[in-house]
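Structure, as structure tokens:
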């Protein structure tokens, strides 16, 4: 059997297996839209937390250096080992933490918030619309 | 005929290296598939981080890629349909490398997602280097295989 015919058969079996996964897997993804995450918050929701919330900037270091929400801490996957201890220096147990990245299309803040919760930061949320939303509201 | 493409029956060291490398890739692909199959939803989120595909395609890839990796891993482990499996290994590694390279170029600070949630904080540069090394290994396996 030629390599291409074998590759075709492997593809067919994989498609069938993927179909079964998409149909019955308890953790299958929705094909219509990303699921609404209960840990997502809007800027309006963060208003009452002003002064107590710890902002976490999940964008690359260069973007953080250029501009960020006042008192925000930089924390991203690339430099997690180096930056997480610095985050802990600013974090008080029980404090609300809101992670943001560049825009609505960016998923990094969701990932970082999930990782923070897994690391013991109970109230770690992520900001809908990210830095773009913050800038549009022209907050300091 | 080059050294690489000569039959390996008479060279036990090369034959053994080939077997070890094939098994190594098989185990790697099986591990990658199983970790992703545990939670396709979470894997979809990791694909979405690359910002390359619309959500419906992302969800499709989240169920299809682990299935394909599983099939490829089993084929390589059993030594069946090896040529076809190597074709997919090369295609997948090339696609993954392209995605990682594009993430690096766009300055995205994301996790590779190569092994679902089982191994995180890998960044993108080292997975790209690993993938390119695996492509070289795949090339060796391809050119040294028995033609059937």
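Taking residue A:12 as the residue in question, decide whether it is at pLDDT 95 or above, exposed (fewer than 12 other Cβ atoms within 10 Å of the Cβ) and at the interface with chain B (Cβ under 10 Å from one of its Cβ atoms).
Yes: the conditions hold for residue A:12.
Give me the pairs, please: first residue somewhere in segment B:76-93 and at positive phi, second residue anywhere and part of a helix (DSSP H, G or I), beta-carbon distance under 8 Å, and either six or more positions apart or on two chains.
Taking only residues 6 or more apart or on different chains, the pairs are B:79/B:22; B:81/A:6; B:81/A:9; B:81/A:10; B:81/B:75.
If you take the residues in segment B:43-85 that are at the interface with chain A (Cβ under 7 Å from one of its Cβ atoms) and farther than 22 Å from residue A:13 by Cβ, which one is surrounded by the fewest Cβ atoms within 10 Å (Cβ to Cβ)?
B:56
Looking at A:97, A:121, A:73, which is the one that is away from chain B (no Cβ under 14 Å), on the phi < 0 side of the Ramachandran plot, in contact (Cβ under 8 Å) with a residue 24 or more places away in the chain and in contact with a helix residue (DSSP H, G or I) (Cβ under 8 Å, 6 or more places away or on another chain)?
It is A:97.
Checking the conditions here, which among A:109, A:62 is part of a helix (DSSP H, G or I), within 14 Å of chain B (Cβ to nearest Cβ) and surrounded by fewer than 19 Cβ atoms within 10 Å (Cβ to Cβ)?
A:62
Suppose we keep only residues that are more than 10 Å from every other protein chain (Cβ to nearest Cβ) and surrounded by 19 or more Cβ atoms within 10 Å (Cβ to Cβ) within segment B:100-111. Which one would you say is farthest from residue A:109 (Cα to Cα)?
B:100
The values are calculated or read from the model by the stated rules, or taken from the named source; none is laboratory data. Because the structure is predicted, anything quoted here is derived from the model rather than measured. All Cβ positions, glycine included, derive from the backbone under ideal geometry; neighbour counts span all protein chains shown.
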